[in-house]
Amino acid sequence: MLTVPHHIGITVSNGAASRRFYHRVLRFPLLGATVARGPSHDTMYRLENAVNHVTWFQFQDQGVELFHLPRHPARDTDPAPFAKPGWRYAAFTVRAFDDYLQRLRDKGANPRAADSPEGRCALVRDPDGTALIFFEDTAPDSLPLSAVTGNIGSVTGIREAGLVVARPGPFVRFFDAAGLLNREAPASHGFLHELFDYPGDIVSEVYGRIRVIHLPGETFPEPADMFPHPREERIDYYPDLGVKHICYSCTDLRAFHTKAGAAGVHFLFAPMRIAGGARMAYFSGPEGRVFEAMQIPAASRALSGFGGRARQSQMDLFSFVKRKLF
């Protein structure tokens, strides 16, 4: 029922500064912004009187949401350490990798590059220190103006999200219950050593674009026990900085909620209707990390995909003309 990643959510400390960085430095196509508030959102975030300034970026059929909650300061303000349980990075694919890498250097983003078995890649940090990894995309480009602007580096989609865990055992059963047990093996993780400068042992497996990372040499605090059927809810604090969740498109959200819930997956709330006729629900992983499932009407999906492609083509054409003239 869950299909492909729809978006990744990232909590930031300064909405305006992060919006500029993601749009002007990383070249994420900006589609819009909104303010989320009210009782349903308080339930969603597990907060009181929450105000969430949401910025939406769309590249082709996938996207990124930035969350800024000014009324609720973060408790954890350092998303940078790699050897720490939780969502540790978001990874994307980019076309014209060399051009994109040079742009990052020119903009002062200081990318750290690696040539790994999984392809060329580079890591940059957003203004809060959240790790963002970009992999070279060698697939043919489908953007309308790609024949003209194909040498302009730009993001093409979501590659994966990295999740460091304390106890990897429960995740196999969890991903099976969630319908994401399409394990990709063998999972190379040499790029993690290089990009994060981590000298210890790393064990990783990829399930549905989620790389579950176990660090055998680390000792972590006792994690939450959220699967199956938790006795009490212990989930990530929404205002904490860094990657907040990965959202998957879902063909039948009500059926997914019923089936996964019966298998022991903890949902933060029942499927909720949101703008555009879509429905969404948050659910927890075994150690309290948040996932999202979203069912989107075909017309809304087509419209947002068109908007993302059009915005990306507009940005690419502007960059192409600017280079030719200057």
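Which residues, counting only those in region 45-79, are modelled with pLDDT of 95 or more and among the hydrophobic types (A, V, I, L, M, F, W, C)?
Within region 45-79, Leu47, Ala50, Val51, Val54, Trp56, Phe57, Val64, Leu66, Phe67, Leu69, Ala74 qualify.
Would you tally the residues in region 185-217 being aliphatic (A, V, I, L, M) and touching an Asp or Glu at 6+ places or on another chain (Cβ under 6 Å)?
Within region 185-217, the subset aliphatic (A, V, I, L, M) is 185, 187, 192, 195, 202-203, 206, 210, 212-213, 215.
Those still in the list that are touching an Asp or Glu at 6+ places or on another chain (Cβ under 6 Å) too: 187, 206, 212.
The total comes to 3.
Among the numbered conditions (1) assigned to a loop (DSSP other than H, G, I, E, B); (2) among the β-branched types (Val, Ile, Thr); (3) modelled with pLDDT of 95 or more, tell me where Val94 comes up short.
Going through (1) assigned to a loop (DSSP other than H, G, I, E, B); (2) among the β-branched types (Val, Ile, Thr); (3) modelled with pLDDT of 95 or more one by one, Val94 breaks only (1).
Specify the residue that is surrounded by the fewest Cβ atoms within 10 Å (Cβ to Cβ); the eligible residues are those in region 50-74 that are in a loop (DSSP other than H, G, I, E, B) and in contact with a helix residue (DSSP H, G or I) (Cβ under 7 Å, 6 or more places away or on another chain).
Taking the candidates together, the pick is Asp61.
If a residue must be within 28 Å of Pro85 (Cβ to Cβ), in contact with a strand residue (DSSP E or B) (Cβ under 8 Å, 6 or more places away or on another chain), of a type in the set (Gly, Ala, Ser) and surrounded by 15 or more Cβ atoms within 10 Å (Cβ to Cβ), how many such residues does region 261-284 contain?
Looking only at that region, the number is 3.
Pick from region 21-37 the residues that are hydrophobic (A, V, I, L, M, F, W, C) and within 19 Å of Tyr89 (Cβ to Cβ): which of them is surrounded by the fewest Cβ atoms within 10 Å (Cβ to Cβ)?
That would be Val25.
Report whether or not Asp106 is modelled with pLDDT of 95 or more, touching a Leu at 6+ places or on another chain (Cβ under 8 Å) and of a type outside the set (A, V, I, L, M, F, W, C).
Judged against the criteria, Asp106 is not a match.
Being assigned to a loop (DSSP other than H, G, I, E, B), in contact (Cβ under 8 Å) with a residue 24 or more places away in the chain and either small (Gly, Ala, Ser) or exposed (fewer than 15 other Cβ atoms within 10 Å of the Cβ) (or both) narrows it down to one residue among Ser40, Ser13, Ser18; which is it?
Ser13
Would it be correct to say that Val94 is β-branched (Val, Ile, Thr), farther than 18 Å from Phe196 by Cα, surrounded by 17 or more Cβ atoms within 10 Å (Cβ to Cβ) and under 14 Å from the mean Cα position of the chain (by Cα)? Lay out the reasoning, then the answer.
Numbers: β-branched (Val, Ile, Thr): yes; farther than 18 Å from Phe196 by Cα: yes; surrounded by 17 or more Cβ atoms within 10 Å (Cβ to Cβ): yes; under 14 Å from the mean Cα position of the chain (by Cα): no.
So Val94 does not fit the description; no.
For region 153-170, state whether one or more residues are under 25 Å from Ser249 (Cβ atoms) and out of contact with any strand residue (DSSP E or B) (no Cβ under 8 Å at 6 or more places or on another chain).
Yes: region 153-170 contains one or more residues that are under 25 Å from Ser249 (Cβ atoms) and out of contact with any strand residue (DSSP E or B) (no Cβ under 8 Å at 6 or more places or on another chain).
Among the residues of region 126-144, what is the count of those that are surrounded by fewer than 17 Cβ atoms within 10 Å (Cβ to Cβ) and within 21 Å of Gly242 (Cα to Cα)?
Residues flagged as surrounded by fewer than 17 Cβ atoms within 10 Å (Cβ to Cβ) and within 21 Å of Gly242 (Cα to Cα) within region 126-144 amount to 2.
Residues Glu160, Glu205, Glu184: which one is under 24 Å from Met1 (Cα atoms), modelled with pLDDT of 95 or more, under 21 Å from the mean Cα position of the chain (by Cα) and among the acidic types (Asp, Glu)?
Among Glu160, Glu205, Glu184, only Glu160 is under 24 Å from Met1 (Cα atoms), modelled with pLDDT of 95 or more, under 21 Å from the mean Cα position of the chain (by Cα) and among the acidic types (Asp, Glu).
Hey, could you check region 227-260 for residues that are free of Cβ contacts under 8 Å to residues at least 40 places away in the same chain and either of a type in the set (S, T, N, Q) or surrounded by fewer than 19 Cβ atoms within 10 Å (Cβ to Cβ) (or both) and say which is farthest from Gly288 (Cα to Cα)? Explain how you work it out, then say what you get.
Of the residues in region 227-260, the ones free of Cβ contacts under 8 Å to residues at least 40 places away in the same chain are 229, 231-232, 254, 257-258.
Narrowing further to those that are either of a type in the set (S, T, N, Q) or surrounded by fewer than 19 Cβ atoms within 10 Å (Cβ to Cβ) (or both): 229, 231-232, 254, 258.
On the way: His229: 12, Arg231: 12, Glu232: 11, Arg254: 22, Thr258: 20 Å.
Ranking the qualifying residues of region 227-260, first place goes to Arg254.
Somewhere in region 227-244, is a residue within 21 Å of Ile10 (Cα to Cα), of a type in the set (Ser, Thr, Tyr), modelled with pLDDT of 95 or more and more than 16 Å from the chain's Cα centre (by Cα)?
yes
Just checking, which of Glu218, Glu292 is at pLDDT 95 or above, under 30 Å from Ser188 (Cα atoms) and in a loop (DSSP other than H, G, I, E, B)? Break it down into steps so the answer makes sense when it comes.
Details: Glu292 fails: in a loop (DSSP other than H, G, I, E, B).
Result: Glu218 is the single residue among Glu218, Glu292 that is at pLDDT 95 or above, under 30 Å from Ser188 (Cα atoms) and in a loop (DSSP other than H, G, I, E, B).
Can you pull out every residue in region 1-10 that is within 19 Å of the chain's Cα centre (by Cα) and either part of a loop (DSSP other than H, G, I, E, B) or of a type in the set (Ser, Thr, Tyr) (or both)? Walk me through how you get there before you give the answer.
Step one: list which residues in region 1-10 are within 19 Å of the chain's Cα centre (by Cα), which gives 2-10.
Within region 1-10, Thr3 is the sole residue that qualifies.
Within region 21-32, can you find the residues that are within 17 Å of the chain's Cα centre (by Cα) and part of a helix (DSSP H, G or I)?
The answer is Phe21, Tyr22, His23.
The values are calculated or read from the model by the stated rules, or taken from the named source; none is laboratory data. For clarity, every value in this text was computed on a predicted model and none was experimentally measured. Positions of Cβ are backbone-derived with ideal geometry, glycine not excepted, and every protein chain shown enters the neighbour counts.
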